[in-house]
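See structure below.
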Amino acid sequence: MMDIVYTIWLRNMKRYLRSRSRMAGSLGMPLFFLLVLGFGLNSIVRIPGSKQDYMGFIVPGIIAMTVMFTSVFSGIQVIWDKQFGFLKETLVAPVSRLEIMFGQTLGGATIAFIQGFIILIISSFIGSGHHTTLQGLLIAAVFMMLIGLSFTAFGIAIASKMEDMHGFQLIMNFVIFPIFGLSGALFPINSLPAWLQSLTLGDPLTYGVEGIRYGLAGVSPINPFMGFMVMAGFTLAMVALGTVLFRQINL
Amino acid sequence: MIEVENLTKRFDGHVAVDNISFTIERGEIFGLLGPNGAGKTTTISMLATLLRPTSGTARVNGFDITTRAGEVRKSIGIVFQDQSLDEELTAYENMDFHGRLYRIPRNVRQQRISDLLSLVELADRKNSLVKTFSGGMRRRLEIARALLHEPKVFFLDEPTLGLDPQTRNHIWAYIERLNKEKGITIILTTHYMDEADRLCDRVAIIDRGSIIALDTPDKLKDEVGGDVVTLESRDTEGLYTQLRKAAWIEHIEQHDGVITLTLHNAERHIAEIVQLSTTNGIDIESISIHKPTLEDVFLRLTGRTIRVEEADIRDRMRMMHRLHRGGG
Ligand SMILES: Nc1ncnc2c1ncn2[C@@H]1O[C@H](COP(=O)(O)OP(=O)(O)OP(=O)(O)O)[C@@H](O)[C@H]1O
Ligand SMILES: [Mg+2]
């Protein structure tokens, strides 16, 4: 089992390390957000009931965003494999689809994690104002990994159902962006009107963002243990969904 | 080695493979021949366990394709009609990925990869990315890759599609060698009739999902009987009507503005054909005699040609499509 998972993971890593332009490209948007929102709003936005400035506030959100977008893209890669025929090579081998799906999920999550970590390092240089402990960093890392796993699996689930990239824009606009927008990545969730807050609390990414925030900044309105349970449950659900749909792929 | 029983595949009501049965012996080179959409790829996909049959079954290397898919997969190697390499990886990495998927131990894997890459003459390019490879190089790499786990049965779906004649000969030479030296059973499809004729021990001609003939190429051609004469004229109708009366013609057929005759000792009758047309005031534009080919076999059985020309255009479109996608 693990040898095949490793094989698939290894392929994903090789492709990732080889495509430096893609690597840099997918860091562009989060960096842009970080700089423009962070510096742009830093002086005018105050987080109620907190000494933290806005830059420090959005860093965890931008990290979560990087991990989430990168992992959805990694999952969606399966469509390219379908179109370029490589998926056939994998599916005709004497290995189970479960192994392939796990390898792909782990590969995508690892890549997303690394991308998120790069943003984390950059933001600490820009000045997030966090005094993160090692323990806090580990907590943030766990949440980053969960976001990576769940959203790669989600991407694979989507890719399993799509014939080509045509539907991708639709998924981006009506699923991915709302999930990001509704999470507490860019605004504090406890000062929202009640109706919006309930939407936010229904968004799994909120728990990921707040988990990272707890890890890095040490404070968060959501109990990190509860956040962990929600994210772990969401990850299991997405991996199950991805596995079921990936098994149904017909070539 | 392969036993196919009443294998059928339907795609939403449309029958792609219609109740076919045949047996392939160990060590045989077996050809599946037929026009576009005949059902060749669908048949191979079912035998390779990638598609579930609608009904019927088959055994490959003694294993049932529906109940023992895992064993079947271990027994087979396959070169797909459309490319299936990872272009962002090197030749070596594509091979290595395959070797790991088939759980070949590291030292054996490394040895075989270098042997096979030498066999297909890609040893010096093993660390180049596949996206820098030509069509022929990619095909050779795919063949090497499919052999890495030493399959007992080897499927090749149009392995020489869109390649130049020199590369084609090259590839067929490997395949023949494999078959001779390792006794691998080979099932291939091709559009190129002459290649099937030269290479295959037996050929199944498949049309609209059904097998319409199955025998050695020689026997199939013998059944056409005698020589084949092809005539072109501005007045095919008239010529056809006249020639139909000639008793020494065994078979006459009109298709796509061409008349095809089958007769014995064609050399002797050519003069008669010419005379017959001149007395009736019909001009013959071209006349040719040849020994029957598999193309003639197909024509005789179906009244249609396999149309290699059309296939070539499709190949080119396919390649363009691929390049287009590759660029995106
Ligand atoms: N996934 C599919 N869904 C629906 N129809 C299909 C599918 N795959 C194949 N077909 C149809 O089944 C028929 C047989 O197709 P197949 O690809 O087996 O032909 P082929 O003999 O390999 O042709 P070619 O020489 O063009 O490769 C065609 O009519 C094709 O349109
Ligand atoms: Mg085909």
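Each value in this text was obtained by applying a stated rule to the coordinates, not by laboratory testing. Predicted model, so just to flag it, every value in this text is computed and none were measured. Positions of Cβ are generated from backbone atoms using ideal geometry, with glycine treated the same way; all protein chains shown enter the neighbour counts.
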(message) Give me a comma-separated list of calculated 3J(HN,Hα) values for the stretch A:90-104, in order, Karplus coefficients 6.51, -1.76, 1.60 applied at θ = phi - 60°, integers in Hz, x for any Gly or Pro.
(response) 6, 6, 8, 6, x, 10, 7, 5, 4, 5, 4, 4, 5, x, 5
(message) At 1.002 mPa s and 20 °C, plugging the Kirkwood radius over alpha-carbon pairs of the stretch B:226-291 into Stokes-Einstein gives what diffusion coefficient in µm²/s?
(response) 186 µm²/s
(request) For a quick protection proxy, order the peptides A:212-223, A:159-170 by their average other-Cβ count within 10 Å, most packed first. (result) A:212-223, A:159-170
(request) For every helix of n ≥ 4 consecutive DSSP H residues, a contribution of -39,500 (n - 2.57) applies; sum these over the protein assembly as shown, divide by its total residues, and give [θ] at 222 nm rounded to the nearest 500 deg cm²/dmol. (result) -18500 deg cm²/dmol
(request) Taking only the C-alpha atoms, wrap a convex hull around chain B and report its volume per residue in Å³ as a whole number. (result) 155 Å³
(message) Report for the protein assembly as shown the percent antiparallel among DSSP-assigned beta bridges with both residues inside it, nearest 5.
(response) 70 percent
(request) Send over the semi-axes of the stretch A:22-63's equivalent ellipsoid, whole angstrom and largest first, taken as the square roots of 5 times the C-alpha gyration tensor eigenvalues. (result) 23, 10, 5
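Using alpha carbon coordinates only, what is the Rg to Rh ratio of the stretch A:136-238, with Rh defined as the Kirkwood radius? Walk me through the intermediate numbers first.
Numbers: Rg = 14.3 Å, Rh = 14.3 Å.
Answer for the stretch A:136-238: 1.00.
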(message) Among B:34-47, B:169-182, how do they line up by average Cβ neighbours within 10 Å per residue, starting with the highest?
(response) B:34-47, B:169-182
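If the chain between B:THR67 and B:SER55 were fully stretched, how many nm would it gain, using 0.36 nm times the residue separation less the Cα-Cα distance? Mind showing how you got there, number by number?
Numbers: separation 12, 0.36 × 12 = 4.32 nm, distance 1.34 nm.
The span from B:THR67 to B:SER55 would gain 3.0 nm if fully extended.
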(message) Within the stretch A:133-153, name every residue whose backbone N is under 11 Å away from a label modeled 7 Å from Cα of A:LEU199 along the Cβ vector.
(response) none
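Please state, as a whole number in µm²/s, the translational diffusion coefficient that the Stokes-Einstein equation yields for the protein assembly as shown at 20 °C and 1.002 mPa s, with Rh defined as the Kirkwood radius across alpha carbon pairs. Please list the in-between numbers first.
Details: Rh = 27.6 Å.
Estimated via Stokes-Einstein, D reaches 78 µm²/s.
R0 = 56 Å: FRET efficiency of B:GLU25 with A:PHE32, Cβ-based, nearest 0.05?
Values: r = 65 Å, r/R0 = 1.17.
The computed FRET efficiency comes out at 0.30.
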(message) With N set to the number of residues, divide the alpha-carbon radius of gyration of the stretch A:2-247 by 2.2 N^0.38 Å and report two decimals.
(response) 1.01
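Per-residue Cβ counts within 10 Å, from other chains only, averaged over B:100-106: what number is that? Before the final figure, lay out each step's value.
Working: counts 9, 13, 5, 6, 0, 0, 0.
The per-residue average across the peptide is 5.
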(message) Antiparallel versus total DSSP beta bridges in the stretch B:2-219: what percent is that, nearest 5?
(response) 55 percent
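Quick one: Cα convex hull volume of the stretch B:81-157, Å³ per residue? It would help to have the intermediate numbers written out before the result.
Working: hull volume 6.6 nm³, N = 77.
Output value, Cα hull per residue: 86 Å³.
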(request) Using 0.36 nm per residue of separation minus the Cα-Cα distance, give me the extension gain between B:ASN127 and B:ASP256 in nm, one decimal. (result) 41.4 nm
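Mind ordering B:107-119, B:131-143 by average Cβ neighbours within 10 Å, highest first?
On the way: B:107-119: 15.6, B:131-143: 19.0.
Highest to lowest by the protection proxy: B:131-143, B:107-119.
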(request) Express the C-alpha Rg of the stretch B:1-154 as a ratio against the empirical globular expectation 2.2 N^0.38 Å, rounded to two decimals. (result) 1.14
(message) Can you compute the radius of gyration and Dmax for the stretch B:31-70, using only the Cα atoms, both in Å?
(response) 10.8, 31
(message) For a Förster distance of 45 Å, can you work out the FRET efficiency between the beta-carbons of B:ARG103 and A:ASN223, rounded to the nearest 0.05?
(response) 0.50
(request) Please list the non-local residues whose amide H lies under 5 Å from the amide H of B:ASP227, H modeled 1.01 Å from N, same-chain partners needing a gap of 5 or more. (result) B:LEU263, B:HIS264, B:ASN265, B:ALA266
(request) Set Lys and Arg Cβ to +1 and Asp and Glu Cβ to -1, take the dipole of the protein assembly as shown about its Cα centre, and tell me which of B:GLN275, B:THR185, B:ILE259 lies farthest positive. (result) B:THR185
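Tell me, Kirkwood radius of the stretch A:82-177 from alpha-carbon pair distances, in Å?
Roughly 15.8 Å, rounded to one decimal.
Considering every residue in A:91-103, what mean count of other chain Cβ atoms within 10 Å of its Cβ is obtained? Before the final figure, lay out the partial values.
Values: counts 5, 14, 9, 13, 6, 1, 0, 0, 1, 1, 0, 0, 0.
Average per residue, whole number: 4.
What does the structure give for B:62-74 when I average, per residue, the other chain Cβ atoms found within 10 Å of the residue Cβ?
Per residue, the average neighbour count from other chains is 1.
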(message) Run the paramagnetic zone check for A:MET2: 7 angstrom along Cα to Cβ, then residues of the stretch A:72-113 with backbone nitrogen under 16 Å.
(response) A:99, A:102-103, A:106-107
(request) Enumerate the calculated ³J(HN,Hα) couplings along the stretch B:203-211 in order (Karplus 6.51 cos²θ - 1.76 cosθ + 1.60, θ = phi - 60°), each rounded to whole Hz, writing x wherever the residue is Gly or Pro. (result) 10, 10, 9, 10, 9, 6, x, 10, 7
(message) Using the alpha carbons of the stretch B:144-262, what is the convex hull volume per residue in cubic angstrom, as a whole number?
(response) 150 Å³
(message) Using amide H atoms built in the peptide plane, which far-off residues or other-chain residues are under 5 Å from B:VAL79 H to H?
(response) B:PHE155, B:LEU156, B:ASP157
(request) Find which of B:THR90, B:ILE29, B:GLY162 sits farthest along the positive direction of the dipole of the stretch B:2-219, computed with +1 on the beta-carbon of Lys and Arg, -1 on that of Asp and Glu, about the Cα centre. (result) B:THR90
